[in-house]
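Notes follow the structure.
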Amino acid sequence: MIECPMTLAGKKLLEAELDQLIKVDREDIKVAISEARELGDLKENAEYHAAKERQSHIEGRIMDLQSKIARARVVDTTTIKSEKIIFGAFVKVYDQQKDIEVSFQIVGEDEAMTDNKKVSYNSPLGKALIGKEVGDEAIVKAPKGDLVYEVQDIRYS
């Protein structure tokens with residue numbers, strides 16, 4: 001079984017979404033399907049087909065979330081003591097192309113999708129930064145050319 005690294009906050013987000021899908025969305029779609037059935041012929045019933053498709057999406061997401069939560073490896077960032085960037089690090093980098101400083105946290109894939117101040121450890125930038133120390137440069141290969149980031153600060157909290 002492949003583990004899914006995530007922060008405690010990330011796991012709580014997934015659990016909240018799962019709870020919403022099971023307790024609210026799943027129940028709402030049952031009502032929608034029931035109401036659509038009452039409209040008559042199911043072969044030509046657009047409401048019924050749309051509700052069934054929505055139900056399929058909900059059930060798929062529920063299974064996906066349950067799998068990720070079951071495989072979760074929660075990383076407590078408050079206990080990390082490292083001079084290098086590892087999963088959970090809060091990083092400040094200097095973007096040489098845009099001439100700006102950018103701050104974000106290295107997190108799991110699902111966490112990164114919910115917040116622009118979070119970068120997945122599996123993204124090109126995340127992969128380039130893992131293992132770097134303050135003062136190091138991280139180079140990200142991009143279609144327009146190499147992007148260079150200088151590590152300014154690393155902290156764990």
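No lab work stands behind these numbers, since they all come straight from the coordinates. Since this is a predicted model, take the numbers as computed values, not measurements. Every residue, glycine among them, receives a Cβ derived from its backbone with ideal geometry; neighbour counts consider all protein chains shown.
This ranking places Lys144, Lys12 by how few other beta-carbon atoms lie within 10 Å of each, fewest first, which gives Lys144, Lys12. When the helices of the chain are scored as -39500 (n - 2.57) per DSSP H run of n ≥ 4 and the total is divided over every residue, the value at 222 nm lands at -12000 deg cm²/dmol. When each of Val91, Val148 is scored by the number of other beta-carbon atoms lying within 10 Å, the sequence from fewest to most is Val148, Val91. Remark: the Cα gyration tensor places segment 4-74 in the prolate category, a/c being 1.5 or greater and a/b exceeding b/c.
In this structure, the residue pairs whose Cα-Cα separation is over 20 Å, taken from Lys23/Lys52; Lys92/Lys132; Lys92/Lys117; Lys11/Lys52, are Lys11/Lys52. Remark: relative contact order (the chain) = 24 percent; criterion is Cα-Cα distance under 8 angstrom and separation of 6 or more residues. Here Rg/Rh (Cα atoms, Kirkwood Rh) was calculated from the structure, and among [x] 1.17; [y] 1.00; [z] 0.98 it sits at label [x].
Classify segment 69-116: rounded, prolate or oblate, from the alpha-carbon gyration tensor (a ≥ b ≥ c, eigenvalue square roots; a/c under 1.5 rounded; otherwise prolate if a/b is larger than b/c)? Oblate is the answer for segment 69-116, as a/c is 1.5 or above yet b/c matches or exceeds a/b.
Note that segment 73-84 has calculated 3J(HN,Hα) couplings of 10, 6, 9, 8, 5, 6, 9, 7, 10, 8, 8, 10 Hz, one per residue in order, obtained from phi through the Karplus relation 6.51 cos²θ - 1.76 cosθ + 1.60 (θ = phi - 60°); glycine and proline are x. Cβ crowding within 10 Å, taken as a proxy for footprinting-reagent exposure, orders Val31, Val119, Val140 from fewest neighbours to most as Val31, Val140, Val119.
The overall shape of segment 77-155, judged from the alpha-carbon gyration tensor, is oblate: a/c is not under 1.5, and a/b is no greater than b/c.
Residues whose amide H comes within less than 5 Å of that of Phe87, counting only those at least five positions distant or on another chain, are absent (H built at 1.01 Å from N in the peptide plane).
If R0 is taken as 30 Å, the Cβ-Cβ distance between Lys52 and Asp19 corresponds to a FRET efficiency of 0.85.
Take every DSSP beta bridge whose two residues both sit in the chain; close to 75 percent of them are antiparallel.
Between amide H atoms placed 1.01 Å from N, distances below 5 Å from Thr7 occur with Val75, Gly108, all of them 5 or more places distant or on a separate chain. Neighbours of Phe90 by Cβ distance under 12 Å: Lys/Arg scored +1, Asp/Glu scored -1, total +3.
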